[in-house]
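Have a look at the structure below, then the notes.
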Amino acid sequence: MKIGAFGEVMLRLTPPEALLLEQTHTLRMAYTGTGVNLVGNLAHFGVESYLLTALPDNRLGDAALANLKSLGINTRYVIQKEQHIGTYFAEMGYGVRPTEITYQNRKNSSFGLAMITDYAIADFVETIDLVHICGISLSLNEHSAEVAIAVAKTAHEQGKKVCFDFNFRPSLNQEPDKKRVMKERYQEILPYCNVIFGSVRDLSELLEWSMDVSSQSAKIRSFQAFLSHYQIEWFAGTTRHTTDEKKQLSGYLLSPTEWIETERYTLDSLDRIGAGDAFAAGILLGYSENWSLDRSVEFALGNSRLAHTIQGDVPLTTRKQVDQLLSHPTIDLNR
């Protein structure tokens, strides 16, 4: 199965050695974004992967394009226009100090300014079998939201699979009345979707869907009612826990008839940014290869756990690494 993603490419700037911005004159550059992380990881799994996005028409855009190619991503549908790329600074946390993310002017980036007519949407959809759409594109501005919905609609009409990740960012949704606008956009795109990544909060707070969480069985029934309403095949997500001051992660995956939830795994976290995208990549690998729900969510969570141990957003994991973690979790040296 050929998998594509529509999403923003961002420039990540990270001080070295967990330093604060006030402590350094050096920043590490990396090109990231949900779509990049997802299809970059899928390319490492041997999946033919494509990205639909817009980059600046300058040296910065050229460098980003070269980086995408180095990850194994097919860039045939990447356009270059305008002069700006969205950026963010990642001050890496340590111990009780959390990682601090500071975004810069994403709305006026090349991606944010690109219109429907700039993209070869029909050709892109014809090429791929499944498209992943990040919810951030619905939040960024009207242009990116319009393109995202058009991609989903076109894919649905052509019988292609559509995956949507809520990926809600409060920093992009602070304007008055934005909650109402976002709810309308979610309701417009969901009928085209087959696979969803989200949480109880996404459904109850963003969509205002009635969620009964009084018990596990009631919660499952609420989720499955949502799936039935929108004719969704799979709904997946992760849950973070803290037990005895230890960070833990679990995953869940459900269909209209089945619910699978993993055990909680203790995390050793070097860099958690992009770990959610690693989970999504694992789920989509299982979906595309007709795996069982149980195998898919265990592989996805293993992939996410490994991504926590890799510096940078893009999960540079392989099938062999994930399989080894799942079958021989105590191995700490390969020779």
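I'm checking my understanding of the structure. Among residues of segment 134-172 that are without any contact (Cβ under 8 Å) to a residue 24 or more places away in the chain and of a type in the set (Asp, Glu), which one is nearest to Thr239 (Cα to Cα)? Walk me through it before giving the result.
First pass over segment 134-172, keeping only residues without any contact (Cβ under 8 Å) to a residue 24 or more places away in the chain: 142, 157, 159, 170.
Next cut, of a type in the set (Asp, Glu) only: 142, 157.
Numbers: Glu142: 31, Glu157: 33 Å.
For segment 134-172, the residue satisfying everything is Glu142.
Among the numbered criteria (1) farther than 16 Å from Gly35 by Cα; (2) at pLDDT below 95; (3) open to solvent by less than 30 Å² (accessible area, probe 1.4 Å), which single criterion is violated by Gly135? The number of the failed condition is (1).
Does Ala114 satisfy the condition of being of a type in the set (Gly, Ala, Ser), touching a residue at least 60 places away in the same chain (Cβ under 8 Å), more than 29 Å from Lys183 (Cβ to Cβ) and open to solvent by less than 30 Å² (accessible area, probe 1.4 Å)? Full working, then the answer.
Details: of a type in the set (Gly, Ala, Ser): yes; touching a residue at least 60 places away in the same chain (Cβ under 8 Å): yes; more than 29 Å from Lys183 (Cβ to Cβ): no; open to solvent by less than 30 Å² (accessible area, probe 1.4 Å): yes.
The answer is no for Ala114.
For first residues located in segment 212-237 and touching a residue at least 60 places away in the same chain (Cβ under 8 Å), partners that are of a type in the set (Val, Ile, Thr) and in a helix (DSSP H, G or I) and lie 6+ apart or on another chain with Cβ distances below 6 Å form the pairs Ala236/Ile283. Counting only residues that are more than 20 Å from the chain's Cα centre (by Cα), aromatic (Phe, Trp, Tyr) and not in a loop (DSSP other than H, G, I, E, B), segment 75-129 holds 1 of them.
Here's the yes/no breakdown for (1) open to solvent by 20 Å² or more (accessible area, probe 1.4 Å); (2) among the charged types (D, E, K, R); (3) under 16 Å from the mean Cα position of the chain (by Cα); (4) modelled with pLDDT under 95:
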position	(1), (2), (3), (4)
Val131	no, no, yes, no
Glu157	yes, yes, no, no
Lys160	yes, yes, no, no
Glu175	yes, yes, no, yes
Met182	no, no, no, yes
Leu207	no, no, no, yes
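In segment 63-74, the residue that is nearest to Gly46 (Cα to Cα) out of those that are outside any strand (DSSP E or B) and either in contact with a Gly (Cβ under 9 Å, 6 or more places away or on another chain) or free of Cβ contacts under 8 Å to residues at least 12 places away in the same chain (or both) is Gly72.
Taken over segment 5-58, residues that are among the hydrophobic types (A, V, I, L, M, F, W, C), open to solvent by less than 10 Å² (accessible area, probe 1.4 Å) and without any contact (Cβ under 8 Å) to a residue 60 or more places away in the chain amount to 2.
The values are calculated or read from the model by the stated rules, or taken from the named source; none is laboratory data. Source: prediction; values computed, not measured. Backbone-built Cβ (ideal geometry, glycine too); neighbour counts: all protein chains shown. For accessibility, only protein heavy atoms count, side chains too; no ligands or nucleic acids. Shrake-Rupley method; radii C 1.70, N 1.55, O 1.52, S 1.80 Å.
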